[in-house]
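Scroll down for the structure; my scribbles are underneath it.
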Amino acid sequence: FLIAEDACGGTMRGSSGIISSPNFPNEYHNNADCTWTIVAEPGDTISLIFTDFQMEEKYDYLEIEGSEPPTIGLSGMNIPPPVISNKNWLRLHFVTDSNHRYRGFSAHYQG
């Protein structure tokens, strides 16, 4: 069971864990640029379930690759539906601009 905390991004292995924006549940930093890659066993898929989601609409966002559709862009104040990978990896890219900070996101993944 892994928790990515102060590390902004990185590679997550293991069958389950939690990924949160930097500083969560406090406000994330301005000008953040973080990439996490979740890698499961070959042949497995990954489900990503959001438990918290708050960011500045349009300006701060989380981009997810490796699912259907190939790239999902998430922003705003609503908890997104679960994301299921179509291969054994998912990549999350979190980007924030230079003003307005919110709580960010926290998500639980399972391989």
Here the relative contact order (percent) of the range 9-110, from C-alpha pairs under 8 Å and at least 6 apart, is 43 percent
The answer for trypsin sites (Lys or Arg not before Pro) in the range 69-111 that fall in a DSSP coil and have at most 16 neighbouring Cβ atoms within 10 Å is LYS87
Heavy-atom accessible area of the range 4-74 with neighbours in place, 1.4 angstrom probe: carbon+sulfur share in percent works out to 46 percent
Expressed in square angstrom to the nearest 10, the accessible area of GLU41 with a 1.4 Å probe stands at 120 Å²
With every protein chain kept in place and a 1.4 Å probe, the chain has an accessible area per residue in Å² of 53 Å²
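The values are calculated or read from the model by the stated rules, or taken from the named source; none is laboratory data. Please read all numbers here as calculations on a predicted model, not as lab measurements. Cβ coordinates were reconstructed from backbone atoms using ideal geometry, including for glycine residues, and neighbour counts include every protein chain displayed. Only protein heavy atoms, including side chains, enter the accessible area calculation; ligands, DNA and RNA are left aside. Shrake-Rupley method; radii C 1.70, N 1.55, O 1.52, S 1.80 Å.
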